[in-house]
Amino acid sequence: MKLKPLTEADVTAESVFMLKRRQILKMLGISAGALTLSPLAHADLLDWFKGNDRPKAPPGKPLTFTQPAQWQSPLPKTPEDKVTGYNNFYEFGLDKADPAANAGSLKIDPWTLKIEGEVAKPLTLDYHDLTTRFPLEERIYRMRCVEAWSMVVPWVGFPLHKLLAMVQPTSNAKYVSFQTLYAPEEMPGQQDRFIGGGLEYPYVEGLRLDEAMHPLTLLTVGVYGKALPPQNGAPIRLTVPWKYGFKGIKSIVSIKLTRERPPTTWNLAAPNEYGFYANVNPHVDHPRWSQASERFIGSGGALDVKRQPTLLFNGYADQVASLYRGLDLREFF
Ligand SMILES: Nc1nc2c(c(=O)[nH]1)N[C@H]1C(S)=C(S)[C@@H](COP(=O)(O)O)O[C@H]1N2
Ligand SMILES: [Mo]
């Protein structure tokens, strides 16, 4: 697909962050195709902490939800301003501050989410349905980005298996594929390879059906008790806490049950670096950096970012290891 490149006339105050990145990339002669998730995440993190001109996330509407004891946690939570201010959402730029600065252009109401494919009862949900059709629960999950930083986040959502039960997968259904909204006029990264990191859009992800049916797998509509802000993937995104963060596809418009394993965005971009499974694993390093430890983003400042050991399946091994019995986790990374 040919997209109209941005001209200088398109550069508004909101896109200054992105312009800066584009110019730097051009000066360095880096082609967008050579970009991957950043191994320079630490420098990036320090940079982000220094910024004091970050706009506040727009307040989402408060949600009604229960707090089942099973999903609460004694772990210290990552503060809300970091959860909603330090983001990866390449449709809005590559820097961690870009999504919060630029995702305000995303129109989330009205919204249409289609659930189709190998199902007996296809379903279409609208914006209102997303927060009303299923009882919402708060779940405090660890979140681990493949770039080796981590957070603890109080999400609000409902388990994906409830939605799948409603559409009734056929016996042919073996995988679940997910697709982000494709709207280049709202998402500058979908118009410009330099802004969007050279990824193919729309962003797509996938799970095996048994992974999708697992009780931990959440369709997330809120964070910190309120509707998701756009930078976190409003109005609905996926959360799979035992996998690297890039599996958690944002702003979903399509969920399709399939016979074949669906393509996934980061695997398409760099198949030797990002696998389909993407299970968090301290013993399987990224080809360009170690995954043995991670930087936990807590309440401290830039100099107080704690390093901690990475946990197998991000600490959820008791619950999910059985899904992978007999699978070589090095080969199927
Ligand atoms: N559509 C889309 N979904 C996405 C991404 C993206 O760039 N585009 N980034 C992923 C990555 S790499 C991570 S770590 C998480 C970050 O989620 P958060 O910003 O809510 O913490 O979103 C994931 N989902
Ligand atoms: Mo990530």
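Considering all different alpha carbon pairs of region 11-324, the Kirkwood hydrodynamic radius works out to 19.7 Å. Rolled with a 1.4 Å probe across the full set of protein chains, the surface gives M166 an accessible area near 70 Å². Leaving out ligands, DNA and RNA, and with a 1.4 Å probe, what % of the accessible surface on region 11-324 is carbon or sulfur? Reported share for carbon and sulfur atoms: 56 percent.
Is the shape of region 136-213 best called rounded, prolate or oblate, per the rule: a/c under 1.5 gives rounded, else a/b larger than b/c gives prolate, else oblate, with a ≥ b ≥ c the square roots of the Cα gyration tensor eigenvalues? In terms of gyration-tensor shape, oblate.
With contacts taken as Cα pairs under 8 Å at a separation of at least 6 residues, region 11-324 carries a relative contact order of 21 percent.
Annotation: K226 carries an accessible surface of approximately 60 Å², with a 1.4 Å probe and no ligand, DNA or RNA atoms counted.
Both radii come from the Cα set of region 210-333: Rg as radius of gyration, Rh as Kirkwood radius; their ratio Rg/Rh reads 0.97.
Go ahead and collect, in residue order, the members of region 105-142 whose backbone nitrogen is under 19 Å from a label point 7 Å along the Cα-Cβ direction of Q168. Counting backbone N atoms under 19 Å from the label point, the list is 115-125. Each label point was placed 7 Å from the Cα along the Cα-to-Cβ direction; for Q319 and A120 their separation is 2.8 nm.
Applying Stokes-Einstein at 25 °C and 0.890 mPa s to the Kirkwood radius of region 96-169, computed over alpha-carbon pairs, gives a translational diffusion coefficient of 163 µm² s⁻¹.
The values are calculated or read from the model by the stated rules, or taken from the named source; none is laboratory data. None of the values given here were measured: they were computed from a predicted structure. A quick note on method: Cβ atoms are made from the backbone with ideal geometry, for glycine too, and the neighbour counts reach across all protein chains shown. To get the accessible areas, we keep the full protein, side chains included, count just its heavy atoms, and leave off ligands, DNA and RNA. Shrake-Rupley method; radii C 1.70, N 1.55, O 1.52, S 1.80 Å.
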